[in-house]
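Undergrad: Provided herewith is a single structure, encoded as C-alpha cells, for subsequent inquiry.
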Amino acid sequence: MKTTIDLPESFYHRVKVTAAQRKISIKEMVMRGLEYELAHPEAEVVVKENPVAMKFLQGIQAENTEPVQPLTRDEIYED
C-alpha cells in the first residue's frame, strides 16, 4: 500500500543520508521506526513527559495544521 508523508526538506535529507549510510531504503527505515513504536507503547508516555520530544513535535508541525499530539493505542483503534 502506498501513502504520502509530508516531511520538512532538511529532515527528509537527514533520513535519506542515514538510510544510505545503513544501506537500507527509506521505506525500510520508516517501517523499522513504526515497528519500534508499535512494539514500545510506553514510548508515548516518555514523549508527553519529555520537553525535548514535545519541542520536536512542535517543530515538525506544518503551519497550516493543528498541533501534533501523540495518540494512544486506544485512540488509534477506537471503534
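The values are calculated or read from the model by the stated rules, or taken from the named source; none is laboratory data. Predicted model only: the values in this text are computed from it and were never measured. Here Cβ is always computed from backbone atoms with ideal geometry, including for glycine, and neighbour counts include all displayed protein chains.
Undergrad: Tell me yes or no: at least one residue of the range 3-11 is at pLDDT 85 or above, over 26 Å from T72 (Cβ atoms) and of a type outside the set (S, T, Y).
TA: Within the range 3-11, one or more residues are at pLDDT 85 or above, over 26 Å from T72 (Cβ atoms) and of a type outside the set (S, T, Y).
Undergrad: I need a count of the residues in the range 61-77 that are at pLDDT 70 or above and either closer than 20 Å to I5 by Cα or outside any helix (DSSP H, G or I) (or both).
TA: Number satisfying all stated conditions: 6.
Undergrad: Give the range 28-53 a look and list any residue that's assigned to a helix (DSSP H, G or I), surrounded by 10 or more Cβ atoms within 10 Å (Cβ to Cβ) and modelled with pLDDT of 70 or more, or say none.
TA: E28, M29, V30, M31, R32, G33, L34, E35, Y36, E37, L38, A53
Undergrad: Working only within the range 5-22, note down all residues that are surrounded by 11 or more Cβ atoms within 10 Å (Cβ to Cβ) and either of a type in the set (S, T, N, Q) or in contact (Cβ under 8 Å) with a residue 60 or more places away in the chain (or both).
TA: Within the range 5-22, just T18 meets the criteria.
Undergrad: Step by step: first the residues of the range 1-19, then only those that are assigned to a helix (DSSP H, G or I) and of a type in the set (A, V, I, L, M, F, W, C), then the one that is farthest from the chain's Cα centre (by Cα). Which residue is that?
TA: Among those residues, the one meeting the criterion is V17.
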